[in-house]
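The values are calculated or read from the model by the stated rules, or taken from the named source; none is laboratory data. Bear in mind that the values here come from a model prediction, so they are computed numbers and not experimental data. We place every Cβ from the backbone using ideal geometry, glycine too, and count neighbours over all the protein chains shown.
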Amino acid sequence: MSFNVYVTRQIPEEGINILKKFCQTVEVNPHDRPLTYDELFRQVKGRDAILTMLSDRVDAALMNEAKSLKVIANYAVGYDNVDVKAATTKGIIVTNTPGVLTDSTADMAWALLFSIARRIVEGDKLTRAGKFIGWAPLMLLGGDFIGKTLGIIGAGRIGTAMAMRSRGWYMKVFYTTHSNRNAVLEEMLGAKRVDLETLLKESDFISIHTSLSEKTRHLIGAKELSLMKNTAYLINTARGAVIDEAALVNALKNRQIAGAGLDVYEEEPRLKPGLAELDNVVLAPHLGSATIETRTKMAVMAAENIIAVLNKQKPKNCVNPEALT
Ligand code: DGY
């Protein structure tokens, strides 16, 4: 049909193939980099759908430019990069990719936890530098997991999957959530819902899984970091701005906490000054959902959401159902 779709980054071809079957024009950003805001602005005119990345700012001005736009399919579960309110006002449907990246992101949180608490990156650097001169009783000592306390900030799908994986280490689990109590965690792990202050004070490992909103921006700042044990580790695979990154740099520098594992940054892809120089932090380039299987499922899901909207059907993963009316 004569639909016109723009995809802001190359994605697995399974998604593109679905779009091509149904739409006359499917154009993909040919560059191996994100588009600038101005480039995206120039691309949206005349498009019926755009398939966007979490790194694309999709604001009201851009939507004004896209007069025929019917759907913004964000290639992520998080959609804080999209002005959903503006989209709803304009009757544009916004979709995301929930569920399919839950396990890969929970795995990533554990990968960061292991990397920082068992000092794997430091060890790798030392070994490559030819400084491994033999086994030593006091070399690169980290922390144990067994029986420790895991604090989950935001016990939604990913937070729950992260916590469930702690069974292997018989951990005590605390969690916070802005919605109802998490029956799965309570029944299967004996997890306890607590307030943020208790979680920060009591946990040995804290993993952030809350979405970014005005309520959660800088949820973890200097005061919150000061409540953590100085032997505790902080992991963030959610959104960078949930942590005040400058405050985190100070806390890590002053050894107020033992370490951090970060997959996301406040001003992604830029890092706050000083962060990259620290040895008690492991830094990943937003790899939470980066497995072949997951990224393929996300591509299919985003494409199917687009096709549903263009077919005047309800997409499976609509974040603003009000726009459907
Ligand atoms: C998402 O989908 O929001 C994740 O951050 C991707 O890794």
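Some observations on this one:
- Among the residues of the stretch 93-115, those that are in contact with a strand residue (DSSP E or B) (Cβ under 6 Å, 6 or more places away or on another chain) and not polar (S, T, N, Q) comprise ILE93, VAL94, ALA109, LEU112, LEU113.
- Neighbours by Cβ (under 8 Å, 6+ apart or cross-chain): first from the stretch 199-226, at pLDDT 95 or above; second of a type in the set (Asp, Glu) and in a helix (DSSP H, G or I): LEU200/GLU224
- Of residues in the stretch 282-306 being buried (at least 21 other Cβ atoms within 10 Å of the Cβ) and away from the ligand (no atom under 15 Å from the Cβ), the one nearest to the chain's Cα centre (by Cα): VAL282
- Test for GLY143: is it under 18 Å from SER104 (Cα atoms) and surrounded by 15 or more Cβ atoms within 10 Å (Cβ to Cβ): no
- Among the candidates GLU267, GLU277, the residue that is without any contact (Cβ under 8 Å) to a residue 40 or more places away in the chain, within 16 Å of the ligand (Cβ to nearest atom), assigned by TED's automatic domain parsing to the domain that holds MET108 and out of contact with any strand residue (DSSP E or B) (no Cβ under 9 Å at 6 or more places or on another chain) is uniquely GLU267.
- Answer from ARG33, ARG57, ARG42, ARG9 - the residue that is free of Cβ contacts under 8 Å to residues at least 12 places away in the same chain and under 27 Å from the mean Cα position of the chain (by Cα): ARG33
- Under the condition of being within 16 Å of the ligand (Cβ to nearest atom) and over 28 Å from LEU141 (Cβ atoms), the residues counted in the stretch 228-263 number 5.
- Taken over the stretch 107-140, the criterion of being touching a residue at least 12 places away in the same chain (Cβ under 8 Å) and more than 26 Å from the chain's Cα centre (by Cα) is satisfied by GLY123, LEU126, LEU140.
- Lone unmet requirement of (1) over 24 Å from ASP56 (Cα atoms); (2) in contact with an Asp or Glu (Cβ under 9 Å, 6 or more places away or on another chain) for ASN230: (2)
- For the stretch 89-116, a tally of residues being assigned by TED's automatic domain parsing to the domain that holds ARG255, away from the ligand (no atom under 16 Å from the Cβ) and crowded, with 19+ Cβ neighbours inside 10 Å returns 3.
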